[in-house]
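Okay, structure first, notes after.
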Amino acid sequence: MEEPLPALSEERFEACRQTLLAEGITDLMAISLQTREHNFGVLLFPHAERGMFGSSNLRLLTGLSLQIALTLENYVVMHEAQRRTKEYELLTEIGQAVSSHLNQDEVLRTVQVELGQIFDTSTFYIAFQEEDEIRFELEIEGGIVFPKRSRGSATDSPSISSKPENRC
């Protein structure tokens, strides 16, 4: 092609074209790596002469691209399943840890520590609302545990959050 592909700006197309020409590549075949769920990208096959790929080679390359795309899809599915399994295992551990403690402070600290395996809990709080008062039973900011405190209500439900709270 002598003009930019729809996916590239004119400058990027020209830079790519000049790079390929500098390497003696005058022709390029691109085969999509996609499945129903994902578009992983393309396989690029540069070559120096036209007509290098016959119909049987094209069918072979198409089959190869489908196999690669399915392999990538299987990897994504497996990775997501492993992540979910780890999260379920962690929730089970949290449940076991909570049920093994009778002291509320130990339970809340255990919840914070276990959730720290999934996301950053260096700034974290657990608060309860009772009528017009919010009680911060566990508050950690920058890894430092603060004493329990309470303030007037601005929300309407118990909360667990990892967002920083303005200290009053």
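Observations
- Of the residues making up segment 90-112, just one is in contact with a strand residue (DSSP E or B) (Cβ under 9 Å, 6 or more places away or on another chain), polar (S, T, N, Q) and open to solvent by less than 40 Å² (accessible area, probe 1.4 Å), namely Gln112.
Residue by residue, here is whether (1) in contact with a strand residue (DSSP E or B) (Cβ under 8 Å, 6 or more places away or on another chain); (2) in a helix (DSSP H, G or I); (3) touching a residue at least 12 places away in the same chain (Cβ under 8 Å); (4) open to solvent by less than 80 Å² (accessible area, probe 1.4 Å) holds:
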residue: Arg59; (1), (2), (3), (4): no, yes, no, no
residue: Thr62; (1), (2), (3), (4): yes, yes, yes, yes
residue: Ser65; (1), (2), (3), (4): yes, yes, yes, yes
residue: Val76; (1), (2), (3), (4): no, yes, yes, yes
residue: His79; (1), (2), (3), (4): no, yes, no, no
residue: Thr85; (1), (2), (3), (4): no, yes, no, yes
residue: Tyr88; (1), (2), (3), (4): no, yes, no, no
residue: Glu114; (1), (2), (3), (4): no, yes, yes, yes
residue: Ile126; (1), (2), (3), (4): yes, no, yes, yes
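- Restricted to segment 93-146, and to residues there that are of a type in the set (D, E, K, R) and modelled with pLDDT under 85, the residue that is farthest from Arg83 (Cα to Cα) is Glu106.
- Any chance Arg151 is modelled with pLDDT of 85 or more and either within 25 Å of the chain's Cα centre (by Cα) or surrounded by fewer than 11 Cβ atoms within 10 Å (Cβ to Cβ) (or both): no
The values are calculated or read from the model by the stated rules, or taken from the named source; none is laboratory data. Since the structure is predicted, the reported quantities are computational estimates derived from the model, not experimental observations. Methodologically, a virtual Cβ is constructed for each residue, glycine included, from the backbone with ideal geometry; neighbour enumeration extends over all protein chains shown. For the accessible areas, the whole protein counts, side chains as well, though only heavy atoms, and no ligand, DNA or RNA atoms are used. Shrake-Rupley method; radii C 1.70, N 1.55, O 1.52, S 1.80 Å.
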